[in-house]
Amino acid sequence: MDYPKYEFYVVCQKMNRPVVDKDYVERFNIFQNWLVSEGVFKACKKHLRNKKKFTFEELQEEIERIIRWQEWSRYEYECSAGPAFPRSLDELKKIDCYWQAEPNMKVITEMCIKRTKEFLKEKKNDR
């Protein structure tokens with residue numbers, strides 16, 4: 001693996017599974033998308049090299065942009081949510097992975113910095 005194991009789970013519909021299958025919804029790690037993991041790792045390294053030039057707030061915005069770019073309004077990252085027993089489909093709201101992650105960007109950013117530091121330290125010790 002060329003980057004740390006970042007983890008943040010959201011609810012997502014499994015692709016190519018019929019809705020009648022009781023396991024059609026899963027917990028999905030938004031960092032399973034390698035473009036997200038790789039982009040976040042590069043951004044975290046940039047932040048750790050110079051925290052004055054690339055602040056925590058800028059890093060948080062970059063991580064949000066990366067997640068939004070990959071997991072916002074894309075079918076494979078969407079599912080419906082609503083009442084347990086909806087009377088019509090109008091009662092359901094379509095949500096995606098980005099919508100679920102967006103209010104947690106500060107926590108996600110802090111976790112990514114921590115995992116990046118640990119990963120780089122391990123990599124350095126392995127030399």
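The values are calculated or read from the model by the stated rules, or taken from the named source; none is laboratory data. What you see is a predicted model; the values in this text were computed from it and never measured. Positions of Cβ are generated from backbone atoms using ideal geometry, with glycine treated the same way; all protein chains shown enter the neighbour counts. Just the protein is used for accessible areas: all its heavy atoms, side chains included, with ligands, DNA and RNA removed. Shrake-Rupley method; radii C 1.70, N 1.55, O 1.52, S 1.80 Å.
Observations on the model:
- The lysines whose alpha-carbon is closer than 29 Å to the alpha-carbon of LYS45, local same-chain residues fewer than 8 away aside, are LYS5, LYS53, LYS106, LYS114, LYS117, LYS121, LYS123, LYS124.
- Gyration tensor verdict on region 80-127 (Cα atoms; rounded if a/c is under 1.5, prolate if a/b is larger than b/c, oblate otherwise): prolate
- In degrees, nearest ten, helix 34-49 long axis to first principal axis of the chain (Cα): 30 degrees
- Each principal axis of the Cα atoms in region 27-103 has its own extent, and those three values, largest first, are 54, 22, 17 angstrom.
- Each stretch of four or more DSSP H residues adds -39500 (n - 2.57); spread over every residue of the chain, this sum gives -15000 deg cm²/dmol at 222 nm.
- Lysines whose Cα lies under 18 Å from that of LYS94, excluding same-chain neighbours fewer than 8 positions away: LYS14
- GLU118 sits with roughly 80 Å² accessible to a 1.4 Å probe, with DNA, RNA and ligands left out of the calculation.
- Net dipole in debye of the chain [+1 Lys, Arg Cβ; -1 Asp, Glu Cβ; about Cα centre; nearest 20]: 760 debye
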